[in-house]
Amino acid sequence: MSDTDRQKTLLLTGASRGIGHATVRRFAREGWRVISCSRQAFSEECPWPGGAENHVQIDLADPTDTINAVGRIQEMLGGRLDALVNNAGISPKGPDGARLNTIDTDLMTWGHVFHVNFFASVVLARGFKDELAAAKGAIVNVTSIAGSRVHPFAGAAYATSKAALAALTREMAHDYGPLGVRVNAIAPGEVETAILSPGTEKIVEGLPLRRLGQPSEVADVIWFLCSDAASYVTGTEIEVNAGQHV
């Protein structure tokens, strides 16, 4: 089978809702096999084919569980991985949904957030280095508008973990480029998902496009970065935020 006829494979973390769901739909529509990872078991409500047998339940906050999952997933891949999308992210809140700042966030919470939002991406990218190189694949790290400025809802640990992930993207692009693997990031802004923080509408009023983003719009940019249309793009972070960064 030629490489053009081979079904391509995406490994996606944080697949259980929002941007993750939309990304699975986008790649499945293009005929890709999607291996999804999340803390939850596969839900039969997820509307895509082959989901249960292509789902890996993994706690990215647990380094041992994450490392052990690499071996299980390698057995599913057959030596090639065309795209790794590090989408999983957590942003703990205080009482009544309060923002956790640098003073209020305890060390255990810092560690929990960084394991999910940052270190898991390191473990997975390194673990699947050979499979990505064999496919001349792509890595997309999902950062955030909060990685470049203080956000009214995103906590300090979340924001700094996303800033670190943006820097990691640059470093990985340098290191993985000689292997033929491209590494980019996207930084979503205010996206309409099941859980929006109260007050988001005030932020939206100040956006140049004056509206929330849809998960499918974010998934389209992830798809672009993993496709041949972005074959000469690496080491960049694309803002997907209605101009919130300007």
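Sparse packing (at most 13 other Cβ atoms within 10 Å of the Cβ) combined with a DSSP loop state is found for the following trypsin sites (Lys or Arg not before Pro) in region 6-42: ARG6. A straight line joining the Cα centroids of region 106-130 and region 184-213 runs 25 Å.
Counting other Cβ atoms within 10 Å as a rough exposure proxy, the listed residues THR234, THR193 run THR193, THR234 from fewest neighbours to most.
Its Cα centre serving as origin, region 9-240 has a Cβ charge dipole (Lys and Arg +1, Asp and Glu -1) of approximately 300 debye.
Less than 5 angstrom separates the built amide H of LEU207 from none of the residues sequence-distant by 5 or more or on a different chain. Orientation-averaged projection of the chain equals 13.2 nm² [convex hull of Cα atoms, one quarter of hull surface area].
Taking GLU131, GLU190, GLU53 as the candidate residues, the one with maximal mean-square fluctuation in a Gaussian network model of the chain, Cα springs under 10 Å, is GLU53.
Cross-link partners of LYS129 among lysines, defined as those whose alpha carbon lies under 29 angstrom from its own and excluding same-chain residues fewer than eight positions apart: LYS8, LYS162.
Just so you know, all these numbers are worked out from the coordinates, no wet-lab data involved. Keep in mind that this is a model prediction, so the values were computed, not measured. Backbone-built Cβ (ideal geometry, glycine too); neighbour counts: all protein chains shown.
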